[in-house]
Amino acid sequence: MAEAKPPETPPGPRDPGAQPGALVDPFRAYNFKLLIDGVNEGHFTQCTGLHAKVEVIPYREAGGGSVVRKLAGPLRLGEVTLRYGLTQSPELWTWFQASVSGQPQRKNVSILMVGMDGVTEVMRWNLLEAWPAEWHGAPLDALGQLVAIESLVITFESFNRG
């Protein structure tokens, strides 16, 4: 005689954080790294402007009355601003100067979100065919006591999230 098997329970979510009401700590915005092909120097204090938007094209069909449909248009990518402490390293300046001369050096840039240990990668955005389009020098103030921070604005052709 065969043993009676208990009914199978459906598999639960793989991530316990997916449980309703489960406490999940958000990632810390200060735990990030940037990797730029061929640039070894660069300790970034801030990275802003990462966004993408699909343009909306309103479309009204003939005979459709007052109904306006919305179609997906071209993708518009933001420009990322990198802020970093001024050092004697010429690498970021040299990269920007190539753009000034009309021959930008396209590189792949990865923005890495790291875990609380400051090492473990938890998320990544890859900016492909990126090049510097704008540079801002550090504000200088003889009465201040701040670190000199420059910024570099980079543009890119596509991106993915890994």
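The values are calculated or read from the model by the stated rules, or taken from the named source; none is laboratory data. Predicted model only: the values in this text are computed from it and were never measured. Quick reminder, even Gly has a Cβ in these numbers, built from the backbone with ideal geometry, and neighbours come from all protein chains shown. Protein only, heavy atoms only, side chains kept; ligands, DNA and RNA dropped before computing areas. Shrake-Rupley method; radii C 1.70, N 1.55, O 1.52, S 1.80 Å.
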Unmet criterion (only one of (1) assigned to a loop (DSSP other than H, G, I, E, B); (2) under 25 Å from HIS51 (Cα atoms); (3) open to solvent by less than 70 Å² (accessible area, probe 1.4 Å); (4) free of Cβ contacts under 8 Å to residues at least 60 places away in the same chain) for SER89: (2)
Flag for HIS43 being closer than 24 Å to ALA29 by Cα and either without any contact (Cβ under 8 Å) to a residue 12 or more places away in the chain or touching a Leu at 6+ places or on another chain (Cβ under 8 Å) (or both): no
Filtered residues of segment 36-57 (kept if over 15 Å from VAL153 (Cα atoms) and at pLDDT 85 or above): ASP37, ALA52, LYS53, VAL54, GLU55, VAL56, ILE57
Residue ID - surrounded by the fewest Cβ atoms within 10 Å (Cβ to Cβ), chosen from residues in segment 37-56 that are in a loop (DSSP other than H, G, I, E, B) and in contact with a helix residue (DSSP H, G or I) (Cβ under 9 Å, 6 or more places away or on another chain): ASN40
Residue within segment 115-134 that is modelled with pLDDT of 95 or more, more than 21 Å from LYS33 (Cβ to Cβ) and open to solvent by 40 Å² or more (accessible area, probe 1.4 Å) present: yes
Of all residues making up segment 119-145, the number that are touching a Lys or Arg at 6+ places or on another chain (Cβ under 9 Å) and small (Gly, Ala, Ser): 1
Per-region count, segment 57-82, residues part of a loop (DSSP other than H, G, I, E, B) and under 30 Å from GLY42 (Cβ atoms): 2
Residues satisfying the stated conditions in segment 57-86, i.e. surrounded by 12 or more Cβ atoms within 10 Å (Cβ to Cβ) and more than 30 Å from HIS136 (Cα to Cα): GLY73
Among residues of segment 92-114, those that are of a type in the set (A, V, I, L, M), over 12 Å from LEU152 (Cβ atoms) and surrounded by 13 or more Cβ atoms within 10 Å (Cβ to Cβ), counted: 5
In segment 150-162, residue most open to solvent (accessible area, probe 1.4 Å) [restricted to those that are out of contact with any Leu (no Cβ under 7 Å at 6 or more places or on another chain) and of a type in the set (Val, Ile, Thr)]: THR155
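Here's the yes/no breakdown for (1) in contact with a Pro (Cβ under 6 Å, 6 or more places away or on another chain); (2) farther than 28 Å from GLU134 by Cα:
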residue	(1), (2)
GLY42	no, no
THR48	no, no
LYS53	no, no
ILE57	no, yes
VAL68	yes, yes
LEU77	no, no
LEU86	no, no
Every pair of residues 6+ apart whose Cβ atoms lie under 9 Å, when the first sits in segment 143-162 and is farther than 14 Å from VAL80 by Cβ while the second is of a type in the set (Val, Ile, Thr) and open to solvent by 30 Å² or more (accessible area, probe 1.4 Å): VAL147/THR45; ILE149/THR45
